[in-house]
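Below is one structure, written out as structure tokens; comments come after it.
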Amino acid sequence: MSQKKAIGKVAILLATLTEEELENFSPLLQDIKYCLGKVGSMNMQKVISAVETAAKRNGIIHESYYRETHALYHAIVEALEGVTRGKSAIGDMSRTVGLRFAIVRGTPFANNGEGEWIAIAFYGTIGAPVKGSEHETIGLGINHI
């Protein structure tokens, strides 16, 4: 049995930290499988694609395993529901997002038999596509692989 790991908490922290703040945490992240990215768009599919691409390029998921891509997709959609406050649309509603994201893969349960899970956290802004009309937003999605 291993100790429980809060992959959602780690994902939220990583998404919200600046690059300078992240430097202070780097030694604590050596045993954690994660990657970071940024995306800004009025197109929901571009946001989803940015996260999928980052996860594949950084070896967080295996591109050839459908179950891993499927788990990632559901975690992304769940996180976007938080960002958009349950209205899973941006451009269709004349909203735009500017987001940092973190993808964390791990075993969040003390019993390793529960398997691996993936967490996606978004942090940034959402609002009308007019500079200064946006506000902060955050979203978290977690799914089993």
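The values are calculated or read from the model by the stated rules, or taken from the named source; none is laboratory data. Computed from a prediction, not measured in an experiment: that's the story for all the values here. Note that we place each Cβ from the backbone using ideal geometry, even for glycine, and neighbour counts take in every protein chain shown.
Look at the range 37-61: where a residue is within 15 Å of L14 (Cβ to Cβ), no partner that is crowded, with 18+ Cβ neighbours inside 10 Å and among the polar types (S, T, N, Q) sits 6+ places away or on another chain with Cβ atoms under 6 Å. In the range 87-103, is there at least one residue being free of Cβ contacts under 8 Å to residues at least 12 places away in the same chain and among the hydrophobic types (A, V, I, L, M, F, W, C)? Yes. Among the residues making up the range 14-45, those that are more than 20 Å from G127 (Cβ to Cβ) and under 11 Å from the mean Cα position of the chain (by Cα) are L14, Y34, C35, L36, G37. A single member of E78, E63 is closer than 30 Å to E134 by Cβ and among the acidic types (D, E), and it is E78. Scanning the range 86-107 for residues that are more than 18 Å from N143 (Cα to Cα) and at pLDDT 90 or above yields V97, G98, L99, R100. Residues of the range 134-144 that are crowded, with 17+ Cβ neighbours inside 10 Å and modelled with pLDDT of 95 or more: T137, G139, L140, G141, I142, N143.
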